[in-house]
Amino acid sequence: MAPTQRRGRRIMMSDAELDAFLAEQRTCRVATVGQDGRPHAGPLWFAWHEGSLWLYSLTRSKRWADLRRDPRIAVVVDAGEEYGELRGVELTGTAVFVGEAPRTGEPHPELDAPERVFAAKNFGMDAMVYDGRHAWLRLTPDSVVSWDFRKLSG
């Protein structure tokens with residue numbers, strides 16, 4: 001796991017809480033650096049597996065082009081409606097392209113487990129269905145900042 005945060009230790013998630021939270025959430029917000037230096041953020045489905053966030057992105061997207069040019073990435077996963085329910089995680093680091101692009105299902109052992117997790121979580125299936133438009137990015141975070149405001153009432 002990446003180094004823990006210094007601020008907000010009272011409300012940060014433990015490693016087990018972080019793993020459980022990321023396993024249950026479906027949508028993240030991905031921020032990249034555009035060609036003109038401006039940030040670009042958008043939602044994306046993901047899978048969390050063994051300390052890495054696996055992102056299944058369109059290969060003809062602005063996100064993909066941004067990351068090809070500059071692999072720095074920040075991702076936020078959050079939940080809650082009321083202030084006392086808010087919880088989330090910000091993960092930052094460098095995106096790594098994994099497998100063929102677009103993904104067609106060529107054997108790639110590193111993708112076996114993340115694809116099973118992603119297919120089960122998002123489609124209720126045992127295996128991925130490839131559409132010829134998406135491919136995998138892996139973020140093994142350099143930094144993880146988490147918060148769980150439910151801990152404030154305890």
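The values are calculated or read from the model by the stated rules, or taken from the named source; none is laboratory data. Remember, predicted model here, so these are calculated numbers, not experimental data. Heads up, the Cβs are rebuilt from the backbone with ideal geometry, glycines too, and the neighbour counts pull from every protein chain shown. Each accessible area value is taken on the protein alone, full model and side chains, heavy atoms only, with ligands, DNA and RNA left out. Shrake-Rupley method; radii C 1.70, N 1.55, O 1.52, S 1.80 Å.
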| task | Please work out how much accessible surface Asp36 shows to a 1.4 Å probe, ignoring ligands, DNA and RNA, in Å² rounded to 10. | result | 110
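Once a ≥ b ≥ c are taken as the square roots of the eigenvalues of the Cα gyration tensor of region 55-147, is the result rounded (a/c under 1.5), prolate (a/b larger than b/c) or oblate (a/b not larger than b/c)?
oblate
Select from region 46-88 those trypsin sites (Lys or Arg not before Pro) which occupy a DSSP coil region and have at most 12 other Cβ atoms within 10 Å, ordered by residue number. It would help to have the intermediate numbers written out before the result.
Details: sites: Arg60, Lys62, Arg63, Arg68, Arg69, Arg72, Arg87; in loops: Arg60.
The qualifying sites are Arg60.
Subtracting the Cα-Cα distance from 0.36 nm times the residue separation, let me have the gained length for Ser153 to Arg26 in nm, one decimal.
Details: separation 127, 0.36 × 127 = 45.72 nm, distance 2.63 nm.
Gain on stretching Ser153 to Arg26: 43.1 nm.
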| query | In deg cm²/dmol, rounded to 500, what helix-only [θ] at 222 nm does the chain give when every DSSP H run of at least 4 residues adds -39500 (n - 2.57) and the total is split over its residues? | reply | -6500 deg cm²/dmol
| J(HN,Hα) series, region 134-149, from Karplus relation 6.51 cos²θ - 1.76 cosθ + 1.60, nearest Hz, glycine and proline x | 10, 8, 9, 10, 10, 10, 9, x, 7, 9, 10, 10, 10, 8, 9, 5
| query | In nm, what is the difference between 0.36 nm times the number of residues separating Val96 and Val129 and their Cα-Cα distance? | reply | 9.7 nm
| Carbon and sulfur %, accessible surface of the chain computed with the full protein complex present, 1.4 Å | 51
| Going by a ≥ b ≥ c, the root eigenvalues of the Cα gyration tensor, does region 1-134 fall in the rounded group (a/c under 1.5), the prolate group (a/b larger than b/c) or the oblate group? | oblate
| Distance from region 125-149 to region 31-89 (C-alpha centre basis), Å | 9
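Tell me the per residue accessible area of the chain using a 1.4 Å probe; a whole number in Å² is fine.
On the way: 8560 Å² over 154 residues.
Heavy-atom accessible area per residue stands at 56 Å².
Size of the dipole of region 1-147 about the Cα centre, Lys and Arg at +1 and Asp and Glu at -1 on the beta carbon, nothing else charged, in debye to 20?
580
Hand me the GluC sites (Glu not before Pro) from region 1-100 located in a DSSP loop with no more than 14 other Cβ atoms within 10 Å, in residue order please.
Values: sites: Glu17, Glu24, Glu50, Glu81, Glu82, Glu85, Glu90, Glu100; in loops: Glu50, Glu81, Glu82, Glu100.
Those that pass, being in a loop and sparsely packed, are Glu50, Glu81, Glu82.
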